[in-house]
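Since the structure comes first, as structure tokens, the remarks are kept for the end.
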Amino acid sequence: MNNQSIKNRSKFDPITLEILWRRLVSIVDEADASVARTAFSSLLRDAHDYTCMFTDSRGQELVQGTFCTPGQAGAMALGVKKIITSVPLESYRDGDVFIVNDPWLLAGHLNDVCVLSPIFYQGNPVAFTACVFHHSDIGGRVSSDNREVFEEGIYIPVSRLYDAGKLNEDLLNMIRWNVRTPEEVTGDIRSQVAANHVCAQKIIEMMEDEDLLTLDDLADDIIGRKESSMRNAISKIPDGVYPHEGIIEGAGNKPDITIKLTVTVEGSDILVDFSGTSDQVDWGVNVVYNFTYAYVFMAIKSAFDPDIPINEGAIRPIRMTAPEGSIINCTFPAAVAARMQVGHFMTEMVFNALGPATPDNIIAGSGGTPAQTNILYGKRANGNPWHTMIIRGGGMGASSRADGHHCAIFPANGANTPVEILESDTPLMVESRGLVTDSGGPGRQRGGIGRQMIIRSPDDPGMAPGRTTIAVQAGRFVYPPQGIFKGKDGAKAKFLKNGNPAIPSGLTFCDSGDKISFISAGGGGYGDPLERDPKAVEQDVQYGYVSIERAKLDYGVIIDPDALTLDLNATLQLRKTI
């Protein structure tokens with residue numbers, strides 16, 4: 001097929017379509033890679049808490065990065081389209097760059113800053129590229145016990161950062177003077193602009209190579225095929241109405257939160273209704289509609305159609321309703337900084353609802369739900385502020401086919417910050433980090449293992465006298481990750497200061513020499529532990545995942561304490577008596 005025929009058709013033959021699709025994915029991934037090379041914050045460089053994507057001229061998401069954060073990506077698919085269509089297409093100018101962090105418009109809290117750029121080709125806007133970065137510093141009072149969004153940092157409505165290529169210095173200076181680490185924050189914003197530039201240049205090159213005047217026809221074909229794929233996957237779920245009610249712990253002395261949902265499957269359509277869910281609260285775990293939808297979508301997409309990257313077509317079969325003013329569809333000016341403490345649970349809630357219908361497509365509760373997010377800041381001896389954020393995973397829930405992964409940040413995705421990076425970016429010292437024996441929930445498939453990390457606030461010449469402040473945003477301290485289908489629960493999370501339980505909410509202050517222990521939960525088990533292969537238990541003991549005592553108590557498996565080998569005869573006899 002020649003280039004001219006591609007240009008004039010709205011449908012492409014399968015080979016051409018696959019080539020163009022793979023090129024589009026590689027373009028976004030190249031923009032994604034540019035972030036790792038140019039971002040200032042370790043949260044972006046190392047933990048990868050950002051998402052790149054681009055749309056067609058109508059704001060329909062066409063491609064997102066292969067490695068993205070589901071909460072950002074799912075919310076962007078809704079929010080970016082709303083931003084783009086709110087401005088007439090003819091009003092955009094080549095060189096425009098917009099910036100916004102409105103939680104209700106995008107990804108749910110002020111830290112997620114979106115930079116969006118129109119892409120012009122031959123004088124016409126043909127697409128848009130956008131990226132959302134989680135800025136660890138956005139000013140404000142960094143605490144999950146804030147009562148309103150006004151306390152949580154600088155609020156940026158949709159604004160032109162560049163107007164036809166000219167930088168809005170006043171806007172950038174306003175941001176600079178409202179954050180603790182201005183060089184890092186403005187450096188990360190410039191990294192966002194650079195990522196969009198990379199994406200735009202590569203799309204223009206592709207259009208030149210393929211002699212395309214528009215991306216919209218190609219987008220229609222790709223989006224339509226993705227919708228068909230998603231609908232085909234959903235149609236395999238038995239039609240029916242699947243309810244679930246779950247409880248999410250309130251951190252510290254806060255009351256528990258009730259989540260009620262009903263998943264209705266009808267053919268290739270799914271409706272998730274949250275009627276009856278708790279109202280929004282006066283602390284920072286409220287969730288906006290977009291973020292809730294993102295993790296509802298995450299559950300259905302990952303369980304039933306995991307292989308094909310996401311675009312507009314994937315979201316079309318999935319609808320969601322949630323009462324306005326509820327904790328998962330909060331209204332302005334609710335505090336939302338720690339929205340992950342509730343929002344991350346939506347994937348697990350949908351799994352639990354659909355479990356009876358599709359037991360092989362779900363997993364048990366995960367210790368990384370919610371991600372253990374810790375913001376740490378203070379001042380150095382020279383008076384300069386330091387500020388960092390680390391995201392920590394727990395044991396992932398087991399499935400019908402496999403044990404849970406260790407230290408997984410699920411469902412949020414993301415990566416662990418290396419110890420060396422944390423120690424080079426801050427005056428803090430990491431005294432130990434490792435897996436927690438017996439934390440994975442017993443089951444035919446064992447839950448993933450949790451981990452602990454001990455951080456010391458040193459008495460060091462490089463650190464100013466006074467306190468290190470830690471803002472804890474986490475969960476699983478009261479209710480552990482649940483096992484399913486006779487699997488047992490994973491171990492609960494712990495938060496300790498100098499070896500004593502501390503309140504895992506709000507702010508924790510550390511003086512020189514204080515030690516903080518972050519212990520994440522293990523994943524829930526899947527299936528009866530007595531059905532686990534004894535050789536698998538033997539290996540768990542040898543690797544340190546399971547103790548000899550718990551092997552006997554939970555699995556009915558006898559391990560020789562000296563050789564750490566299985567005593568099969570004794571095991572079979574013991575299992576007969578249990």
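The values are calculated or read from the model by the stated rules, or taken from the named source; none is laboratory data. Treat the numbers as computed from the prediction; the structure is a model and nothing was measured. Cβ: placed from backbone, ideal geometry, glycine included. Neighbour counts: every protein chain shown.
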Give the residues of the range 393-435 that are under 19 Å from Ile300 (Cα atoms) and in contact with a Pro (Cβ under 8 Å, 6 or more places away or on another chain), sorted by residue number. Gly397, Ser400, Pro411, Ala412, Asn413
Among residues belonging to the range 7-24 that are surrounded by fewer than 16 Cβ atoms within 10 Å (Cβ to Cβ) and either hydrophobic (A, V, I, L, M, F, W, C) or at pLDDT 95 or above (or both), point out the one that is farthest from Gly65 (Cα to Cα). Ile15
Are any of the residues in the range 444-460 in contact (Cβ under 8 Å) with a residue 60 or more places away in the chain, touching a helix residue (DSSP H, G or I) at 6+ places or on another chain (Cβ under 7 Å) and part of a loop (DSSP other than H, G, I, E, B)? yes
Looking at the range 388-401, is at least one residue under 22 Å from Arg456 (Cβ atoms), in contact (Cβ under 8 Å) with a residue 12 or more places away in the chain, surrounded by fewer than 24 Cβ atoms within 10 Å (Cβ to Cβ) and out of contact with any helix residue (DSSP H, G or I) (no Cβ under 8 Å at 6 or more places or on another chain)? no
Which of (1) within 24 Å of His387 (Cβ to Cβ); (2) at pLDDT 95 or above does Arg141 not meet, given it meets every other one? (2)
Inspect all residues belonging to the range 236-255 and state whether any of them is among the small types (Gly, Ala, Ser), surrounded by fewer than 22 Cβ atoms within 10 Å (Cβ to Cβ) and more than 25 Å from the chain's Cα centre (by Cα). yes
With the requirement that a residue be closer than 15 Å to Thr262 by Cα and charged (D, E, K, R), what does the range 273-324 give you? Asp273, Arg319
Which condition does Ile363 not pass, out of (1) within 30 Å of Gly153 (Cβ to Cβ); (2) in contact with a Gly (Cβ under 6 Å, 6 or more places away or on another chain); (3) β-branched (Val, Ile, Thr); (4) not in a strand (DSSP E or B), if it passes all the others? (1)
Within the set of pairs 6+ apart or on separate chains, which have a first residue in the range 489-502 that is assigned by TED's automatic domain parsing to the domain that holds Pro370, a second that is among the acidic types (Asp, Glu) and buried (at least 20 other Cβ atoms within 10 Å of the Cβ), and C-beta atoms under 7 Å apart? Ala491/Asp438
Here is a list: Arg141, Arg93. Which entry is over 22 Å from the mean Cα position of the chain (by Cα), surrounded by fewer than 24 Cβ atoms within 10 Å (Cβ to Cβ) and in contact (Cβ under 8 Å) with a residue 40 or more places away in the chain? Arg93
Considering only the range 475-484, state which residues are in contact with a Lys or Arg (Cβ under 8 Å, 6 or more places away or on another chain) and either under 15 Å from Gly393 (Cβ atoms) or surrounded by fewer than 22 Cβ atoms within 10 Å (Cβ to Cβ) (or both). Arg476, Phe477, Val478, Tyr479
For the range 313-321, does any single residue satisfy the condition of being assigned to a loop (DSSP other than H, G, I, E, B) and in contact (Cβ under 8 Å) with a residue 24 or more places away in the chain? yes
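Quick one: is Val115 farther than 18 Å from Thr55 by Cβ, touching a residue at least 12 places away in the same chain (Cβ under 8 Å) and under 27 Å from the mean Cα position of the chain (by Cα)?
Details: farther than 18 Å from Thr55 by Cβ: no; touching a residue at least 12 places away in the same chain (Cβ under 8 Å): yes; under 27 Å from the mean Cα position of the chain (by Cα): yes.
No, not satisfied.
Select from the range 529-552 the residues that are of a type in the set (Gly, Ala, Ser) and more than 21 Å from Ala364 (Cβ to Cβ) and list them in ascending order. It would help to see each step written out before you state the result.
Going through the range 529-552, the residues of a type in the set (Gly, Ala, Ser) turn out to be 536, 544, 547, 551.
Of everything in the range 529-552, just one residue is of a type in the set (Gly, Ala, Ser) and more than 21 Å from Ala364 (Cβ to Cβ), namely Gly544.
From the list Glu169, Glu205, which one is free of Cβ contacts under 8 Å to residues at least 12 places away in the same chain, within 19 Å of Tyr121 (Cβ to Cβ) and acidic (Asp, Glu)? Walk me through it before giving the result.
Working: Glu169 fails: within 19 Å of Tyr121 (Cβ to Cβ).
Selected residue: Glu205, the only one of Glu169, Glu205 that is free of Cβ contacts under 8 Å to residues at least 12 places away in the same chain, within 19 Å of Tyr121 (Cβ to Cβ) and acidic (Asp, Glu).
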Answer with yes or no whether Ser275 is hydroxyl-bearing (Ser, Thr, Tyr) and farther than 28 Å from Gly395 by Cα. yes
Inside the range 474-501, can you point out the residues that are in contact with a Phe, Trp or Tyr (Cβ under 7 Å, 6 or more places away or on another chain) and of a type in the set (Val, Ile, Thr)? Ile484
The range 341-385, subset surrounded by fewer than 21 Cβ atoms within 10 Å (Cβ to Cβ) and among the hydrophobic types (A, V, I, L, M, F, W, C), residue modelled with the highest pLDDT: Ala357
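Output the number of residues of the range 441-456 satisfying the condition of being farther than 13 Å from Gln482 by Cα, more than 23 Å from the chain's Cα centre (by Cα) and surrounded by 24 or more Cβ atoms within 10 Å (Cβ to Cβ).
Here is the first cut: in the range 441-456, the ones farther than 13 Å from Gln482 by Cα are 444-445, 449-456.
In the following step, the residues that additionally are more than 23 Å from the chain's Cα centre (by Cα) were identified as 444-445, 454-456.
Of the ones still in play, those that are also surrounded by 24 or more Cβ atoms within 10 Å (Cβ to Cβ) are 445, 455.
Residues in the range 441-456 being farther than 13 Å from Gln482 by Cα, more than 23 Å from the chain's Cα centre (by Cα) and surrounded by 24 or more Cβ atoms within 10 Å (Cβ to Cβ): 2 in total.
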Note down all Cβ pairs under 6 Å where the first residue falls in the range 411-432 and is assigned to a helix (DSSP H, G or I), the second is not small (Gly, Ala, Ser), and they're at least six residues apart or on different chains. Val419/Val430; Ile421/Asp46; Asp425/Thr388
Return yes when Leu422 is closer than 23 Å to Leu44 by Cβ, at pLDDT 90 or above and buried (at least 17 other Cβ atoms within 10 Å of the Cβ) and no when it is not. yes
Which residue pairs have Cβ atoms closer than 8 Å, lie 6 or more positions apart in sequence or on different chains, and pair a first residue in the range 357-379 that is aromatic (Phe, Trp, Tyr) with a second residue that is surrounded by fewer than 24 Cβ atoms within 10 Å (Cβ to Cβ)? Tyr377/Arg180; Tyr377/Pro385; Tyr377/Trp386; Tyr377/His387; Tyr377/Thr388; Tyr377/Thr469
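To keep it simple, each residue is scored yes or no on (1) modelled with pLDDT of 95 or more; (2) surrounded by 17 or more Cβ atoms within 10 Å (Cβ to Cβ); (3) touching a Gly at 6+ places or on another chain (Cβ under 9 Å).
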position	(1), (2), (3)
Ser117	yes, yes, yes
Phe128	yes, yes, yes
Cys131	yes, yes, yes
Asp145	no, yes, yes
Glu148	yes, no, no
Gly153	yes, yes, yes
Ile156	yes, yes, no
Leu161	yes, yes, no
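For the range 70-88, does any single residue satisfy the condition of being on the phi < 0 side of the Ramachandran plot, among the hydroxyl-bearing types (Ser, Thr, Tyr) and buried (at least 19 other Cβ atoms within 10 Å of the Cβ)?
Pass one, the range 70-88, residues on the phi < 0 side of the Ramachandran plot: 70-88.
If we keep only those that are among the hydroxyl-bearing types (Ser, Thr, Tyr) as well, we get 85-86.
Within this subset, residues satisfying the condition of being buried (at least 19 other Cβ atoms within 10 Å of the Cβ) are none.
No; the residues of the range 70-88 include none that is on the phi < 0 side of the Ramachandran plot, among the hydroxyl-bearing types (Ser, Thr, Tyr) and buried (at least 19 other Cβ atoms within 10 Å of the Cβ).
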Checking the condition touching a residue at least 24 places away in the same chain (Cβ under 8 Å), touching a Gly at 6+ places or on another chain (Cβ under 7 Å) and either buried (at least 22 other Cβ atoms within 10 Å of the Cβ) or of a type outside the set (Lys, Arg) (or both), which residue from Phe54, Phe40 passes? Phe40
